[in-house]
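This report concerns only the one structure given below.
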Amino acid sequence: MDSQNKFYKFIVVGGGIAGVSCAEKLSSLCPEDEILLISASTLVKTITNYKKITKTLESFDVEERPMLSVETGCPNVKVVQKYVSLLEADKHILHTVDGTKYQYGKLCICSGGKPKLIAKDHPYVLGIRDTQSVKEFQNQLSTSRRIIVVGNGGIATELVYEVEGCEVIWAIKNKSISSTFVDPGAAEFFLSQLNKDKSKEEAPSKRLKYTLEDDKSSASSTTKLGGALGPDWSTHLHMTGSMQTSHQVHVEYLVEIQKLFSPEEFESAGLSESQVPESFICDKSWPVYVQLTNDKVYGCDFIVSATGVTPNTDPFLTGNQFSIAEDGGFKVNDHMQTTVRDVYAAGDICSVSWELSQHWFQMKLWSQARQMGVYSAMCMVADGQNEDIQLDFCFELFAHCTNFFNYKVILLGRFNAQGLGNDYELLLRVTKDLEYIKVVLQNGRLQGAILIGETDLEETFENLILNQIDLTPFKDHLLEPDIDLEDFFD
Ligand code: FAD
């Protein structure tokens, strides 16, 4: 049993990638100190098979494990499954929902986010965030003929690719698909994959293993708050609807959801359904109807709302002077400190507010959650010992590796020319169904790149972004397939 008001030098809240990475790093830096990890989830996310691909790109597997497994790997970490309900920062005390209080020296909040839903508590609107919600999605999908997916980020992109045996209407507010990650050119490259039969011989994913075990916890629904999923979450999951069709995706561009109707409301409004091209569905009675902002109306079995997350800050706010960023996250400085003394934050919960390096920016990604978790632990220890600490090198260059439509996707630096104004140049190399390479140059210097497929160019381009060599003399040959760039710049 935890004794009331027990003091811990370090407390971390959250069993997602950020929290677990933070607790593990604290454990290795301070083997003599007892560290407390509090999480509302019954499972924690642990990183295994960590590999550095280049200086800034990394790959790793994520395993969901029982909470206590953290204690096995890190004997000085104590783990409790509880929901934090209040923070009294002036007294350095955390309250959990069962009435227990914990006193800390330094606290790191890694409580992640919850899905922003297009309609709250609607029986036919589902958000996807954690393994529990994926299970619910699979269940509902198994009896479905048509779903509508709203959102244009990573979750939506992976979903529309994976779902089979069910028509998908993909409603996006942009001009091109997957726009959170890729530009319209790359979207075009992917588009041909949308309605293709998926190969049964696809290579197995090497990165993420989610167990999707039944959550047997007795925790109440308010405390059942799983960690967010990550890349490859969808790859091995059975996502099949009730029909015999393979892939059938219809995209509605430049739209948002205007209104949802029950069958009765649909009937009495005198609306009629818009036609989905090449639809095989005969029974057109639906439990819910969706009117888009282009006035088209579609019926469906349910709607997946994949429109981003809102940081889980609520339990920590009352009585404390946190500075909150526009996206709702805790602002943190270059030591991962919030504006409240001795309170740090990492992962999806935080919004960086230091002066960013030229080629890095924040995205709510699991690679950044890991890096921030580790770095915040280093800062907590250094600050406690009044030691200087330099911003970690991982914040020098944005680097992300993922998979879309079964292609390897690597994003480097300002890959979509973010923040470069209009004064930049794009170079492209596209081989249909094989690779898509785009580089962004400004003043002859490489600012970012999108590499889709097995291009093997990541290390060279990373170096070119980091060292900012003037590429003007080589520009015309930069993407020539027969030139070995590595030799060229060595
Ligand atoms: P979380 O994983 O959300 O963990 C938060 C933890 O805090 C949980 O354990 C929760 O139980 C706990 N908690 C919350 N509130 C409390 C409280 N009051 N008391 C106690 N505990 C609390 N990223 C990528 O890089 N690539 C992708 O392709 C990708 N795809 C994704 C697909 C899906 C479906 C989703 C949902 C996310 C995806 N992400 C992806 C994002 C990535 O998963 C997150 O950025 C990352 O996992 C965030 O980690 P975190 O530790 O900050 O937060």
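The values are calculated or read from the model by the stated rules, or taken from the named source; none is laboratory data. A quick note: this is a predicted structure, and the numbers were derived from the prediction, not measured. In this analysis, Cβ positions are derived from the backbone assuming ideal geometry, glycine residues included, and neighbour counts consider all displayed protein chains. In case anyone asks, the SASA skips ligands and DNA or RNA and just uses the protein heavy atoms, side chains included. Shrake-Rupley method; radii C 1.70, N 1.55, O 1.52, S 1.80 Å.
Here are some notes:
- Exceedance of the 31 Å cut-off in Cα-Cα distance is limited, within the set Lys116/Lys475; Lys135/Lys196; Lys6/Lys135; Lys259/Lys284; Lys432/Lys475; Lys51/Lys438, to Lys116/Lys475; Lys6/Lys135.
- Calculated mean residue ellipticity, 222 nm, the chain: -5500 deg cm²/dmol, from DSSP H runs (n ≥ 4) at -39500 (n - 2.57) each, averaged per residue and rounded to 500.
- Per residue, in Å², the accessible surface of the chain once ligands and nucleic acids are set aside, probe 1.4 Å: 44
- Per residue, the convex hull spanned by the Cα atoms of the stretch 414-489 measures out at 88 cubic angstrom.
- Bins of 5 Å from zero: percent of alpha-carbon pairs in the stretch 419-463: 5, 21, 30, 22, 14, 7, 0
- Sites Glu425 and Asp482, calculated FRET efficiency, Cβ-Cβ separation with R0 22 Å, nearest 0.05: 0.50
- Between the stretch 128-172 and the stretch 249-295, the alpha-carbon center distance in angstrom: 17
- If you model the stretch 1-134 as an ellipsoid using its alpha carbon gyration tensor, with each semi-axis the square root of five times an eigenvalue, the axes come out at 26, 23, 13 Å, biggest first.
- Shape of the stretch 1-48, Cα gyration tensor, a/c cut at 1.5: oblate
- Only lysines eight or more places from Lys175 in sequence, or on another chain, were considered; those with a Cα closer than 18 Å are Lys296.
- Reachable aspartates and glutamates from Lys82, criterion Cα separation under 17 angstrom, eight or more residues apart if same chain: Asp2, Glu71, Asp98, Asp215, Asp314
- Loop sites in the stretch 1-102: GluC sites (Glu not before Pro), DSSP, at most 12 other Cβ within 10 Å: Glu32
- The alpha carbon centroids of the stretch 324-350 and the stretch 397-457 are separated by 30 Å.
- Globularity ratio of the chain, using Cα Rg and 2.2 N^0.38 Å: 1.02
- Taking all protein chains together, Arg65, Arg414 sort by accessible area into Arg65, Arg414, largest first [probe 1.4 Å].
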